[in-house]
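Visitor: Let me begin by handing over the structure; questions about it come next.
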Amino acid sequence: MEVAAPVARLIEALSRLPSVGPKTAQRLTFYLLRNPSNLTTELANALIDLRDKTLLCSVCFNLADADPCHICRNPMRDRSVLCVVEEPLDILAVERTAEYRGLYHVLHGAISPMERVSAEDLKIRELVQRVSGGEVQEVILATNPNMEGDATAMFITRQLAPLGVRMTRLARGLPIGGDLEYADQITLTRALEGRREITA
């Protein structure tokens, strides 16, 4: 069936999103067509703001709308503890536990030779500089519990070892091979509580 060009363009654009196949893209497009125009306008404006008003925090490299981000600016956060995560989504997962009160550092990936991602592609150099400042007493390595996450954690451990900072890893209450963003609140809370010391 032929559809109007604007409809076809939106279906094609939506189907390029992760986990959205052609049928889901069609359903979303026709849902937007059937609903009041203010929903479409809100969605369009939100997408423009996402592109134009989102930046990386210069301290922790989390996504933000101001620099530094709201977490780094918060005087109530414990500046002696730094939780290292792979992606900004992982911060949302840890924050949902309402147990962690420290700061974050986002690597923007994990070491993966198969994907051609090396340590130089990540924010590891910036992490070492940050920890070198002397304020951080503990680094929690909260990389995903899979091969890439473990390799990244070991690399970071070797980089930070000369600085004498305490390094811990989340307990293995998390499923092996899983991603932090999919962990439920209780599992993640227990993993944070059961973190253990790691050495180079």
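Visitor: So which of THR199, THR157, THR152 is touching a residue at least 40 places away in the same chain (Cβ under 8 Å) and assigned to a loop (DSSP other than H, G, I, E, B)?
Guide: Every option except THR199 fails the conditions.
Visitor: Determine if segment 29-42 includes at least one residue that is within 24 Å of the chain's Cα centre (by Cα), modelled with pLDDT of 90 or more and hydrophobic (A, V, I, L, M, F, W, C).
Guide: No, segment 29-42 contains no residue that is within 24 Å of the chain's Cα centre (by Cα), modelled with pLDDT of 90 or more and hydrophobic (A, V, I, L, M, F, W, C).
Visitor: Checking VAL81 against (1) within 30 Å of GLU148 (Cα to Cα); (2) of a type outside the set (Phe, Trp, Tyr); (3) buried (at least 16 other Cβ atoms within 10 Å of the Cβ); (4) not assigned by TED's automatic domain parsing to the domain that holds PRO145, which single condition isn't satisfied?
Guide: Of the numbered conditions (1) within 30 Å of GLU148 (Cα to Cα); (2) of a type outside the set (Phe, Trp, Tyr); (3) buried (at least 16 other Cβ atoms within 10 Å of the Cβ); (4) not assigned by TED's automatic domain parsing to the domain that holds PRO145, the odd one out for VAL81 is (4).
Visitor: May I pose another question? Taking VAL81 and the conditions (1) modelled with pLDDT of 95 or more; (2) part of a helix (DSSP H, G or I), which numbered condition does it fall short on, given that it satisfies the others?
Guide: (2)
Visitor: Go through segment 127-184 residue by residue and tally those that are within 19 Å of THR199 (Cβ to Cβ), out of contact with any Pro (no Cβ under 8 Å at 6 or more places or on another chain) and not hydroxyl-bearing (Ser, Thr, Tyr).
Guide: Residues that pass the stated criteria total 29.
Visitor: Okay, moving on. Do you know which of the residues in segment 160-174 that are outside any loop (DSSP other than H, G, I, E, B) and among the charged types (D, E, K, R) is surrounded by the fewest Cβ atoms within 10 Å (Cβ to Cβ)?
Guide: First, the residues of segment 160-174 that are outside any loop (DSSP other than H, G, I, E, B): 160-163, 166-169.
Then drop every residue that is not among the charged types (D, E, K, R), which leaves 166, 169.
Numbers: ARG166: 14, ARG169: 23.
Residue satisfying both the conditions and the ranking: ARG166.
Visitor: Select from segment 14-29 the residues that are assigned to a helix (DSSP H, G or I), surrounded by 12 or more Cβ atoms within 10 Å (Cβ to Cβ) and touching a helix residue (DSSP H, G or I) at 6+ places or on another chain (Cβ under 8 Å) and list them in ascending order.
Guide: The first filter runs over segment 14-29 and keeps only residues assigned to a helix (DSSP H, G or I), leaving 14-15, 22-29.
Filter once more, so that each one left must be surrounded by 12 or more Cβ atoms within 10 Å (Cβ to Cβ): 14-15, 24-29.
Once the filter is applied, which keeps residues that are assigned to a helix (DSSP H, G or I), surrounded by 12 or more Cβ atoms within 10 Å (Cβ to Cβ) and touching a helix residue (DSSP H, G or I) at 6+ places or on another chain (Cβ under 8 Å), segment 14-29 yields LEU14, SER15, THR24, ALA25, GLN26, LEU28, THR29.
Visitor: What number goes with the only condition from (1) surrounded by 13 or more Cβ atoms within 10 Å (Cβ to Cβ); (2) at pLDDT below 95; (3) closer than 18 Å to LEU103 by Cβ that THR187 does not pass?
Guide: Exception for THR187: condition (3).
Visitor: I've got another one for you. Go through the residues of segment 134-144 one by one and say whether even a single one is surrounded by 14 or more Cβ atoms within 10 Å (Cβ to Cβ), in the same structural domain as ILE91 (by TED's automatic domain parsing), in a loop (DSSP other than H, G, I, E, B) and of a type in the set (Gly, Ala, Ser).
Guide: The answer is yes, given that some residue of segment 134-144 is surrounded by 14 or more Cβ atoms within 10 Å (Cβ to Cβ), in the same structural domain as ILE91 (by TED's automatic domain parsing), in a loop (DSSP other than H, G, I, E, B) and of a type in the set (Gly, Ala, Ser).
Visitor: Please enumerate the residues belonging to segment 48-78 that are exposed (fewer than 13 other Cβ atoms within 10 Å of the Cβ) and in a helix (DSSP H, G or I).
Guide: Correct list: ILE48, ASP49, LEU50, ARG51, ASP52, LYS53, HIS70.
Visitor: To continue, here is another question. Would you check if there is a residue in segment 105-127 being at pLDDT 95 or above, touching a strand residue (DSSP E or B) at 6+ places or on another chain (Cβ under 8 Å), in a strand (DSSP E or B) and of a type outside the set (Asp, Glu)?
Guide: yes
The values are calculated or read from the model by the stated rules, or taken from the named source; none is laboratory data. For clarity, every value in this text was computed on a predicted model and none was experimentally measured. Cβ atoms come from the backbone with ideal geometry, glycine included; neighbour counts cover every protein chain shown.
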